[in-house]
Structure formats: C-alpha cells, structure tokens
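Okay, structure first, notes after.
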Amino acid sequence: MTGYLSEDVARDADIIPRAEMRSLIEHLKGRFRSFSALFIVALLIGYPLAERMISWAANNAEWRPDGVSIVIIQPLELILLKLRISVHIALGATMLALIFDLALNGREIIARGKRTTPDDGSVLRLAGVCLSSVALAMMGLFYANSILIPFLLEYLAADSISSGLDATWRIGSWLGFIVGLLTASAIGFQVPLVAFMLIRSNLILAETIIRNRSVLWFSALAIGAFLSPPDPLSMFLVGGPVVVLLEIAIILERVTNPSG
C-alpha cells in the first residue's frame with residue numbers, strides 16, 4: 001500500500017518513479033560492455049570510411065562555397081580528422097543501438113521495476129521503432145546536407161569575404177564543422193522518438209513534457225550547441241527542428257493513445 005502511494009505521489013509530482021529508474025539504470029549497467037564493444041567496432045570500421053567521406057566531401061560543390069580554399073596545415077591533421085569522423089560514426093551507431101535496445105526491452109525494464117508482467121508485442125514495437133529511428137536519422141541527414149550545411153557555409157564564407165579577409169579554411173576545421181552538424185542532426189532528430197518511447201513506457205508523463213516546455217526547449221538548444229559547432233546560429237538551426245519534432249511527438253502520442 002505504501003509502495004503504491006509513494007508511486008502515485010511521485011507521478012503527481014512529475015518525478016520518475018525510483019523503482020523504474022533503478023531498473024533502467026541496472027539494465028544500462030548490464031549493457032555497458034556490449035555498447036562499449038559496439039563503439040570500438042564502429043570506430044574501427046568508421047576509420048576507413050572516413051577516408052572515403054573526406055574524398056567525397058572534397059568533390060562536393062555544395063560544401064565548398066565559391067572563393068574558399070581548403071588547405072592542410074599540419075601532416076597529422078588528416079589523420080586526426082579521420083579519427084574524429086570515425087568517433088562520430090561510432091557515437092551514432094551506439095546511440096541507435098541504445099534506442100533499439102530500449103524499444104525491445106523498455107516495457108520489460110519498467111515491468112521489472114514495478115514487479116509486474118510485461119506486455120506482449122516487443123518484436124512489432126522494435127520493428128516500428130527501428131523504422132522510425134532510421135527515418136528520423138535520414139531526415140536529420142537530409143536536413144543537414146540540403147539546408148543547414150550549405151546555408152551556414154555560405155554565411156560564414158560571405159562573412160569572411162565582406163570583412164576583406166581571404167576565405168582559407170583548414171580541412172580539419174571545415175570537415176569537422178560539417179561532420180558535427182551531420183551528427184547533431186541525425187542524433188537530435190531521435191529526441192522525439194525517445195520522448196514518445198518514454199511516455200508509452202509510462203516512465204514519464206506527457207504532462208511532464210508539456211509543463212516543462214521551456215526547460216526542454218532550452219535543453220534542445222543546449223544539446224544543439226554541444227553536438228554542433230558552438231555558434232548561436234548553428235545552435236538554433238540544430239535545436240529548432242528538434243523542438244518542433246518534440247511537439248509533433250506529443251500530439252501523435254495523444255492522438256494514438258487518447259486513453260493515456
């Protein structure tokens with residue numbers, strides 16, 4: 001009786017119940033080695049892929065504004081750039097694996113915390129989350145490649161030229177800027193899916209997100225600044241679509257689950 005009462009109080013106060021949170025933390029601890037191994041494998045696979053990406057980027061006219069020269073200053077700069085790109089690839093792969101894992105085992109984790117029997121349909125739920133996650137990642141990459149990156153690069157190049165400076169960019173800074181935006185967009189576009197999963201797993205209430213919109217908007221912009229180059233324009237252009245998608249996720253959850 002006391003346990004149920006404390007859980008109700010926690011939910012009324014918009015606090016994630018400690019039993020479910022403890023179960024989630026224990027699950028993530030158990031998956032730590034698997035995620036670490038996946039990160040290392042993706043890092044090793046990503047290193048040779050980084051060389052192809054550099055070659056492709058060098059020939060991509062949309063990523064090279066007119067009047068801009070791309071140069072290599074240090075002998076190790078190209079190697080460090082490959083390592084940086086492979087880290088981004090490994091980070092993206094690990095994040096996707098985490099989302100898939102929570103989609104498959106999320107309700108079981110919560111049920112274990114509540115000491116109840118989990119619902120069926122895990123395979124169908126996993127398939128839906130996988131498709132949604134890949135679709136959102138592709139949307140993020142398309143947005144970054146078609147809108148975000150060309151706009152920002154043209155803006156930065158025009159700003160340099162208007163100041164009377166020669167637009168000469170180091171390859172590490174140039175491609176690192178691009179990779180950061182691609183990674184930020186692909187991962188940032190997963191936020192609505194994660195929020196949707198948390199609501200459906202009863203780990204967090206939809207009202208919690210609604211009541212804390214301002215905090216979540218600020219967090220989205222802060223995450224955009226962390227994952228993308230730390231300038232205000234990049235922060236807004238990366239975090240803004242995440243906020244919009246988060247609002248869409250809340251509406252979708254209410255429409256598809258009117259009894260929730």
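The values are calculated or read from the model by the stated rules, or taken from the named source; none is laboratory data. Note that the structure is predicted; figures quoted are calculated from it, not measured. A quick note on method: Cβ atoms are made from the backbone with ideal geometry, for glycine too, and the neighbour counts reach across all protein chains shown. Ligands, DNA and RNA are excluded from the accessible area calculation, which covers all protein heavy atoms including side chains. Shrake-Rupley method; radii C 1.70, N 1.55, O 1.52, S 1.80 Å.
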## Note on the structure
In Å, the Kirkwood hydrodynamic radius from C-alpha pairs for the stretch 155-201 sits at 13.4 Å
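Under a Cβ-Cβ cut-off of 12 Å, what is the net charge of the residues other than residue 171 that fall near it, where Lys and Arg count +1 and Asp and Glu count -1?
With Lys, Arg at +1 and Asp, Glu at -1, the neighbours total +3.
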### Task
Describe numerically, in nm with one decimal, the distance between label points set 7 Å from Cα along Cα→Cβ at residue 256 and at residue 161.
4.6 nm
### Exposure ranking of 88, 27 by accessible area [1.4 Å probe, largest first]
88, 27
## Note on the structure
Once all protein chains are kept in place, residue 174 shows an accessible area at probe 1.4 Å, nearest 10 Å², of 10 Å²
### Query
In square angstrom, rounded to the nearest 10, how much accessible surface does residue 108 have for a 1.4 Å probe?
90 Å²
### Task
Could you pull out every residue, at least 5 positions away or on a different chain, whose amide H is within less than 5 Å of the one on residue 170? Hs are placed 1.01 Å off N in the peptide plane, and Pro or chain starts have none.
71
### Query
How do 52, 200, 254 stack up against each other in accessible area, from largest to smallest, with a 1.4 angstrom probe?
52, 254, 200
### Query
With each label point set 7 Å from Cα along the Cα-Cβ vector, what nm distance links residue 233 and residue 131?
3.9 nm
### Task
Would you kindly find the accessible area of residue 41, with a 1.4 Å probe and non-protein molecules such as ligands, DNA and RNA excluded, rounding to the nearest 10 Å²?
80 Å²
